[in-house]
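Working notes for the structure below.
The values are calculated or read from the model by the stated rules, or taken from the named source; none is laboratory data. Every value quoted in this text rests on a predicted model; they were computed, and no experiment measured them. In this analysis, Cβ positions are derived from the backbone assuming ideal geometry, glycine residues included, and neighbour counts consider all displayed protein chains.
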Amino acid sequence: MLTLQAVSAGYGSFQALFDINLEVKAGETVAVIGPNGAGKTTLLRVISRLIEPRTGELVMEGRRLNSVPAHEVIGLGIAHVPENRRLFPRLSVEDNLRMGAFTPAARARFEERLAAVYRHFPRMQERRRQPAGTLSGGEQQMCAIGRALMSGPKLLLLDEPSAGLAPVVVQSTFEVIRQMRAEGYTVLIVEQNIRQVLKVADRAYLIETGRIKLHGSAAELLESEAIRKAYLGL
């Protein structure tokens, strides 16, 4: 579905990514793991066209993304849940969800997708008239994921979905990701909670200082001696 070939990117004179090769197949949940500052968020921002790649090619279902404007990416089926959720705090939960269905194709199926989001996140239906800024951190994360699902994405990009959440909420967040995987969603997830994300992913890439250092099945990386020592404290 998505292929990156020799992609490099950065900000001004700073280069954050170096020759990244990555693939996400339809129906997979793929994790990108690594320490703070490794380039994980930059990678998602390049895919959603918020940052121009300096070199390399991005291809989504046979279409080259390099020349696609950022505002057209959602129409190609890529939905991005950014770090820190980025909700519209004064709008109600339901209006935030409505913002996720702004494309003509999504508007035509608004009621159907809203019902599906409420099935995934019953709490959002309970809070549908509440300003999104008054929700708890876990509820805001549910709302942000729900907003992305309203577009009917072929590929869902999740940036640090467990960041800043209480441990019990982290568990429920990963359970949602596990359910989406079971339902056939294609997900590319950036996450620092390595132990948890490798339990829900099919494959994973380890990025350090902007370069891919390891990649393989999630089970292989979970058992990797390098990862166990450096990131899991084992």
Checklist entry - Before we move on, is Leu157 farther than 30 Å from Tyr118 by Cα, touching a helix residue (DSSP H, G or I) at 6+ places or on another chain (Cβ under 9 Å) and not in a loop (DSSP other than H, G, I, E, B)? => result no
Item to check | Selection count where residues are at pLDDT 90 or above and either closer than 18 Å to Pro161 by Cα or touching a Ser or Thr at 6+ places or on another chain (Cβ under 9 Å) (or both), scope the stretch 106-120 | outcome: 2
Next on the checklist: What's the number of the only condition in (1) under 15 Å from the mean Cα position of the chain (by Cα); (2) assigned to a loop (DSSP other than H, G, I, E, B); (3) in contact (Cβ under 8 Å) with a residue 40 or more places away in the chain that Met180 fails to meet?
Outcome noted: (2)
Checklist entry - Only one of (1) closer than 11 Å to Arg147 by Cα; (2) at pLDDT below 90; (3) in contact with a helix residue (DSSP H, G or I) (Cβ under 6 Å, 6 or more places away or on another chain) fails for Thr103. Which number is that? => result (1)
Checklist outcome for this item: In the set Glu126, Glu94, Glu83, the lone residue that is at pLDDT below 90 and among the acidic types (Asp, Glu) is Glu83
Item to check | All positions within the stretch 126-148 that are assigned to a helix (DSSP H, G or I) and either surrounded by fewer than 16 Cβ atoms within 10 Å (Cβ to Cβ) or touching a Gly at 6+ places or on another chain (Cβ under 7 Å) (or both) | outcome: Glu126, Gly133, Thr134, Gly137, Arg147, Ala148
Checklist entry - Regarding Leu214, is this residue within 15 Å of Ala31 (Cα to Cα), under 16 Å from the mean Cα position of the chain (by Cα) and not in a loop (DSSP other than H, G, I, E, B)? => result no
Checklist entry - Restricted to the stretch 103-117, and to residues that are of a type in the set (D, E, K, R) and in a helix (DSSP H, G or I), which residue is nearest to the chain's Cα centre (by Cα)? => result Arg113
Item to check | Subset of the stretch 217-229 [surrounded by 15 or more Cβ atoms within 10 Å (Cβ to Cβ), in contact with a strand residue (DSSP E or B) (Cβ under 9 Å, 6 or more places away or on another chain) and not in a loop (DSSP other than H, G, I, E, B)] | outcome: Ala218, Leu221, Leu222, Ile227
